[in-house]
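Report on one structure; see the data block that follows.
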Amino acid sequence: MLQITAQLPLKAKFSPPPKKLSTREREYLRSQEVKAMIRTAKKVGRHGIRDGGIILLMFRHGLRTAELVALKWTQIDLAGGYIEVHRVKNGRDSIHPLRSPELRALRQIQRDYADTSYVFVSERKAPLSTRSIRHIIARAGELAGIPLLVHPHQLRHACGYYLAAQGHDTRAIQDYLGHKNIHHTVRYTQMSPHRFENFWMD
């Protein structure tokens, strides 16, 4: 009598799930797009100066949303012209210089929203929420005609890419953005067009 044994199927090779691609075309904004957003934000509603200042500071100092909403006047020296940047996510704190556009915006904000400990507040003098910041930036991007769905973190990336494109040292950019690991900074210098400027000389 023949004994029939069931043949077990070969074990299929394991393959990891495909990596999800970002649905965004770009994770950063170009400096001209940021300038257009600032101009647009200044013209919208009763808080134009405040909203333009939000975009300006997030871009110039690579601020995350949580860092922006927690920003207090005690961190800012308008006379000396500097800002103490307190980083989240175990980032490195640093002191940045403030230039004329930022100083003008901050002085106006201080006049418009007097007697508050936080820099960016609502009409009720309460700190703005991260949700409000997302709304302000998304609205400015849409009204400025940016062909992307703009979110706040794109301003931080815009800062990194701008500084790298200007030829600044990778270590200096790392300290400026508060990165503990330089690998987070290298992506900006890898995308800098100056790396390839001498490849073709005709």
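The values are calculated or read from the model by the stated rules, or taken from the named source; none is laboratory data. Please read these numbers as outputs of a predicted model, since none were measured by experiment. FYI the Cβ positions are ideal-geometry reconstructions off the backbone, even for glycines, and counts take in every protein chain you see. Areas reflect the complete protein model, heavy atoms only, side chains present, ligands, DNA and RNA absent. Shrake-Rupley method; radii C 1.70, N 1.55, O 1.52, S 1.80 Å.
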Could you figure out which of (1) within 19 Å of the chain's Cα centre (by Cα); (2) assigned to a helix (DSSP H, G or I); (3) surrounded by fewer than 19 Cβ atoms within 10 Å (Cβ to Cβ) isn't true of ARG107? (1)
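Looking at the stretch 164-181, which of its residues are open to solvent by less than 40 Å² (accessible area, probe 1.4 Å), out of contact with any Phe, Trp or Tyr (no Cβ under 7 Å at 6 or more places or on another chain) and of a type in the set (A, V, I, L, M)? Write out each step before concluding.
Taking the stretch 164-181 first, the residues open to solvent by less than 40 Å² (accessible area, probe 1.4 Å) are 164-165, 170, 173-174, 177-179.
Retained after the next criterion (residues that are out of contact with any Phe, Trp or Tyr (no Cβ under 7 Å at 6 or more places or on another chain)): 165, 170, 174, 177-179.
Correct list: ALA165, LEU177.
Filter the stretch 120-148 down to the residues that are surrounded by 16 or more Cβ atoms within 10 Å (Cβ to Cβ) and over 18 Å from the mean Cα position of the chain (by Cα), then identify the one that is nearest to ALA66 (Cα to Cα).
Restricting attention to the stretch 120-148, the residues satisfying the condition of being surrounded by 16 or more Cβ atoms within 10 Å (Cβ to Cβ) are 120-121, 127-128, 132-133, 136-137, 139-141, 144, 146.
Cutting the leftovers down to over 18 Å from the mean Cα position of the chain (by Cα) gives us 121, 127.
Numbers: VAL121: 14, PRO127: 11 Å.
Taking the candidates together, the pick is PRO127.
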When the stretch 72-82 is checked residue by residue, the ones that are open to solvent by 80 Å² or more (accessible area, probe 1.4 Å) and part of a helix (DSSP H, G or I) are THR74
Looking at (1) part of a helix (DSSP H, G or I); (2) of a type outside the set (Asp, Glu); (3) more than 19 Å from the chain's Cα centre (by Cα), which is the one condition that is false for GLN174? (3)
Just to be sure, is ARG92 surrounded by fewer than 18 Cβ atoms within 10 Å (Cβ to Cβ) and within 17 Å of HIS47 (Cα to Cα)? no
Which listed residue is within 23 Å of ARG30 (Cβ to Cβ) and assigned to a helix (DSSP H, G or I), from HIS96, HIS135, HIS151: HIS135
Unmet criterion (only one of (1) out of contact with any Gly (no Cβ under 8 Å at 6 or more places or on another chain); (2) surrounded by 15 or more Cβ atoms within 10 Å (Cβ to Cβ)) for THR185: (1)
Give the residues of the stretch 161-181 that are in contact with a Ser or Thr (Cβ under 7 Å, 6 or more places away or on another chain), under 23 Å from ILE83 (Cα atoms) and touching a residue at least 12 places away in the same chain (Cβ under 8 Å), sorted by residue number. TYR162, ALA164, THR170, ILE173, ASP175, TYR176, LEU177, GLY178, HIS179
Every residue in the stretch 103-121 that is closer than 25 Å to ALA36 by Cβ and among the small types (Gly, Ala, Ser), please. ALA105
For the stretch 47-64, what are the residues that are closer than 17 Å to HIS151 by Cβ and open to solvent by 30 Å² or more (accessible area, probe 1.4 Å)? ARG64
Can you tell which of VAL85, VAL44, VAL34, VAL69 is open to solvent by less than 70 Å² (accessible area, probe 1.4 Å) and modelled with pLDDT under 95? VAL44
Sort out which residues of the stretch 99-120 are free of Cβ contacts under 8 Å to residues at least 60 places away in the same chain, over 25 Å from TYR28 (Cβ atoms) and not charged (D, E, K, R), and write them in order of number. LEU103, GLN108, GLN110, ALA114, THR116, SER117, TYR118
